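Working notes, structure below.
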Amino acid sequence: MLSLISLAAIVKMTNDDSIATRASLLDRLKDREDQASWQEFFDTYWLLIYRVAKKAGLTDAEAQDIVQETVMAMANKLPGFIYDPKVCSFK
């Protein structure tokens, strides 16, 4: 199965400038109980993550698993994440 690190490398190759992540959303996502913000994040990113996984050659089921694993990894990592748009973009 495609690792999250490999997925991140493929995302870098995917040019989708139509998605802009607000720093305020990233801050709200640090609260795992903020269901509205997590739904907004999921609605914004699931298709991008899914398409990247499919582009990498994964099956539909594997791509869906990657979406779920990516969102879960985000939930685990975001509390300590500091977003600096000068360093990189988020996506």
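Since every read-out is calculated from the coordinates, none of them should be taken as a lab result. The structure displayed is predicted, hence computed values, not measured ones. Here the Cβ is made from the backbone with ideal geometry for all residues, glycine too, and neighbour counts use every protein chain on show.
Summary of values
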{"read-out": "Computed FRET value (nearest 0.05) for E62 with A23, which takes r as the C-beta separation and R₀ as 25 Å", "value": "0.20"}
{"read-out": "Calculated from backbone phi, Karplus (6.51, -1.76, 1.60) coupling profile of segment 67-80 in Hz, x at Gly/Pro", "value": "4, 4, 5, 5, 5, 5, 5, 4, 4, 6, 8, 4, x, x"}
{"read-out": "Under Karplus coefficients 6.51, -1.76 and 1.60, residue-wise ³J(HN,Hα) of segment 61-66 in Hz, glycine/proline x", "value": "5, 5, 5, 5, 4, 5"}
{"read-out": "Net charge of Cβ neighbours under 11 Å - reference A36; Lys, Arg +1; Asp, Glu -1", "value": "-4"}
